[in-house]
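J.: Pasting in a structure now, in structure tokens, and then I'll have a few things to ask.
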Amino acid sequence: MRKQEQHDSPRGIAVVDVGYTNSKVILYDSSLRVVSERKRTSPHHQGSHYREIDTGPIIAFAAGALRELDRILPIDRIVTSAHGACVVCLGADGTPAVPVMDYMSEPPPAIEAAYHAAMPGYEESYSPPLPMALLHGMQLFWQQKVLTDAFARTTVILPLMQYVGFALGGRAVTEVSSMSCQSHLVDMRTGGPSSLARTLGWDRLYAPIAKAWEVIGTLSPDLRGEAFRGRGEILAGVHDSNANLLRYLAGGREHFTLLSTGTWIIGFDTDADITKLNPARDIVANKNVFGRTVASCRFFGGKEFELVSQGAAAVPSLELAREMIAADVMALPSFSDSGGPMPGTGLKGRITGPFRESPEARVTIAALYCALMVAESLDAIASAHEVIVDGPFSQNEVFLAVLAALRPGQQVLASEERDGTAAGAACLALMPDGRLPHIEISMRQPGRAELPGLAGYQERWRQRAGSDNSRPA
């Protein structure tokens, strides 16, 4: 790791990682070794107009965890990270002017139609229309329509990750990777506010821009208590999947596709030309923490795995996968609203062929299905270099084996690092001047399993999937 001046070398680094399903506070030392962590479920509830994220309990949890972890190792830097598609509207008193929207909210048809008529084009936003409230723009548009008076009291707009930093004691800022993910708030060509934001006046409310590694304040006295030992400096923070990408850039990787897996499987490709790709296949652009535009593919992989497996607590079997391939047992897309790389298949998911029900069969067909869908996503971004699988799917041996067999011209690697998102966010605490530190990353290459008939099975699966989109030439 690059040596740093003593003043900049943190004793403890705390990452406050707000995921859709779980929120964590993870304590690292200055060598990015995990020291301890705290975890809780991220709370959501159905509100009057849409599903809401309960930010109050998340902030209270984070503050309590920071105090506990500081007793183990003084926390000098705090980095916030959170999932995309969540934006917060602050009132003059520093609290949300309107309830924070959960991206799983289903907009009324009239709101959806009006938004689609107003949203920026793909050539500007590099993001197609998405289901539910998966776009920052949709969330603000919907809130402004149904909570007009409350929304009018908004004085500052900022993404969730920066809101967490603000609530912990930092100043209100935005950050490029956070504002650009699943957005429609940014003109991806220039980095400035989108035409939609300018038309509706949202751009005048954007919090000032800050670098992800910039210190924006310190943990507030009422949250730190009298016994807090660290400096408690709060950094601007980062979009969670972009944090994961940062970690591999810090590991010295240059040409690769990163599959950041969890509730979503987000693919970042370092070399894809976004202007030549098909947005219908759920292709978007993100900006990394340095402001570079990066092509991304998306698939609701963790959610679809859960739907196909029906939550079965079993281990997938490679032998059972071979039997399913031989018998033409298929899970056809898609089991969620999002067709991902197979447009037009939303909510058409089904299992065909002589499927024999069991917990093991459920998790096996789910792994096989997700590997097929991810292979389509990789095709959609013209992935050509090594593929790194990070997160929960890196531990699914059937998923890895099938994916490796489907990508014979590429090396598939499984990260052995845990909490890749949080570790990437922690890197920000080691780059006060914006220069990447060097970190070692442990990865393994799964063996290429023999899966007779897989190529033909894949072609039949594609034919039966019923996608509206033909594969690119």
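FYI, it's all coordinate maths here, none of it is from the lab. Just so you know, these numbers come straight off a predicted model, no measurement behind them. Here the Cβ is made from the backbone with ideal geometry for all residues, glycine too, and neighbour counts use every protein chain on show.
J.: With +1 on each Lys and Arg Cβ and -1 on each Asp and Glu Cβ, and nothing else charged, work out how big the dipole of the range 252-465 is about its Cα centre, in Debye to the nearest 20.
T.: Roughly 460 debye, rounded to the nearest 20.
J.: For Met431, Met342, Met443, what ranking results if the residue with the fewest other Cβ atoms within 10 Å of its Cβ goes first? Each step should come with its number before you reach the end.
T.: On the way: Met431 20, Met342 27, Met443 17.
Going from sparsest to densest Cβ surroundings: Met443, Met431, Met342.
J.: While we're on this one: Tell me, what ³J(HN,Hα) does each residue in the range 188-203 have, in order and in whole Hz, if you take phi through Karplus 6.51 cos²θ - 1.76 cosθ + 1.60 with θ = phi - 60° and put x for Gly and Pro?
T.: Per residue, the Karplus-derived 3J(HN,Hα) values read 5, 6, 10, x, x, x, 6, 4, 4, 5, 5, 5, 8, x, 5, 4 Hz.
J.: Follow-up question, since we're still on this one. Positive end of the charge dipole of the chain (Lys, Arg +1 and Asp, Glu -1 on Cβ, about the Cα centre): tell me which of Pro316, Val87, Thr21 has its Cα farthest that way.
T.: Most positive-ward Cα: Val87.
J.: Please say if the range 241-298 is rounded, prolate or oblate, where rounded means a/c under 1.5 for a ≥ b ≥ c the square roots of the C-alpha gyration tensor eigenvalues, and otherwise the choice is prolate for a/b larger than b/c and oblate otherwise?
T.: Oblate is the answer for the range 241-298, as a/c is 1.5 or above yet b/c matches or exceeds a/b.
J.: When only alpha-carbon atoms are used, what values of Rg and Dmax, in angstrom, describe the range 351-473?
T.: For the range 351-473, the Cα radius of gyration and maximum Cα-Cα distance read 17.5, 59 Å.
J.: So how long is each side of the range 252-465 along the principal axes, counting just the alpha-carbon atoms, biggest first, in Å?
T.: 59, 33, 30
J.: Using the Cα centre of the chain as origin and beta-carbon charges of +1 (Lys, Arg) and -1 (Asp, Glu), tell me which of Leu258, Phe299, Pro108 is placed farthest towards the positive end of the dipole.
T.: Value: Leu258.
J.: Compute the longest continuous run of the chain that contains no exposed GluC sites (Glu not before Pro); treat a site as exposed when its DSSP state is not H, G, I, E or B and it has at most 16 other Cβ atoms within 10 Å. Before the final figure, lay out each step's value.
T.: On the way: sites that count: Glu5, Glu226, Glu254, Glu357, Glu416, Glu440, Glu450.
Longest site-free region, per DSSP loop and neighbour criteria: 6-225.
J.: With +1 on each Lys and Arg Cβ and -1 on each Asp and Glu Cβ, and nothing else charged, work out how big the dipole of the range 119-208 is about its Cα centre, in Debye to the nearest 20.
T.: The dipole of the range 119-208 has a size of about 220 debye.
J.: Using modelled backbone amide H atoms (1.01 Å from N, in-plane), which distant-in-sequence or interchain residues come within less than 5 Å of Gly230's amide H?
T.: Those qualifying (amide H under 5 Å, at least 5 residues apart or on another chain) are Ile75.
J.: Note the per residue figure in Å³ for the convex hull of the C-alpha positions in the range 275-337.
T.: 161
J.: Karplus couplings for the range 160-167 from phi (6.51 cos²θ - 1.76 cosθ + 1.60, θ = phi - 60°), rounded to Hz, Gly and Pro as x?
T.: Once rounded to whole Hz, the list reads 3, 4, 6, 4, 4, x, 4, 5.
J.: Pull up all non-local amide H partners of Val186: gap of 5 or more, or a different chain, and H-to-H distance under 5 Å with H placed in the peptide plane.
T.: Long-range HN contacts for Val186: Ser194.
J.: Shape verdict for the range 51-194, please, from the Cα gyration tensor: rounded (a/c under 1.5), prolate (a/b greater than b/c) or oblate. If you can, show how the numbers build up before the last one.
T.: Values: a/c = 2.16, a/b = 1.68, b/c = 1.29.
Prolate shape, in that a/c is at least 1.5 and a/b is the bigger ratio.
J.: Follow-up. Could you size up the charge dipole of the chain around its Cα centre, putting +1 on the beta carbon of Lys and Arg and -1 on that of Asp and Glu, and report it in debye to the nearest 20?
T.: Computed about the Cα centre, the dipole is about 240 debye.
J.: According to the square roots a ≥ b ≥ c of the eigenvalues of the Cα gyration tensor, what is the shape class of the range 116-270, taking rounded for a/c under 1.5, prolate for a/b larger than b/c otherwise, and oblate for the remainder?
T.: Working: a/c = 2.07, a/b = 1.14, b/c = 1.82.
Since a/c reaches 1.5 but b/c is at least a/b, the shape of the range 116-270 is classed as oblate.
J.: If the reach is capped at under 16 angstrom between alpha carbons, list the lysines near Lys287, excluding any in the same chain fewer than eight residues apart.
T.: Lys211
J.: What residues have an amide H closer than 5 Å to that of Glu37, excluding those fewer than 5 places away on the same chain, when H is modeled at 1.01 Å from N in the peptide plane?
T.: Distant-sequence amide H within range of Glu37: Leu27.
J.: Another question, if that's okay. Which residues does a label at Ala327 reach in the range 336-351, if reach means a backbone N under 14 Å from a point 7 Å past the Cα toward the Cβ?
T.: In the range 336-351, the label zone of Ala327 (backbone N under 14 Å from the point 7 Å along Cα→Cβ) covers 351.
J.: Taking the alpha carbon gyration tensor of the chain, what are the square roots of 5 times its eigenvalues, largest first, to the nearest whole Å?
T.: Working from the Cα gyration tensor, I get semi-axes of 35, 27, 20 Å.
J.: Calculate the length of the line joining the C-alpha centroid of the range 130-196 to that of the range 315-370, in whole Å.
T.: The range 130-196 and the range 315-370 have Cα centres separated by 36 Å.
J.: Spelling out what I want: for every residue of the range 423-440, take phi, set θ = phi - 60°, compute 6.51 cos²θ - 1.76 cosθ + 1.60 (Karplus), and round to whole Hz; glycine and proline get x.
T.: Those phi angles translate into 5, x, 5, 4, 4, 4, 6, 9, 9, x, 9, x, 8, 5, x, 9, 10, 8 Hz.
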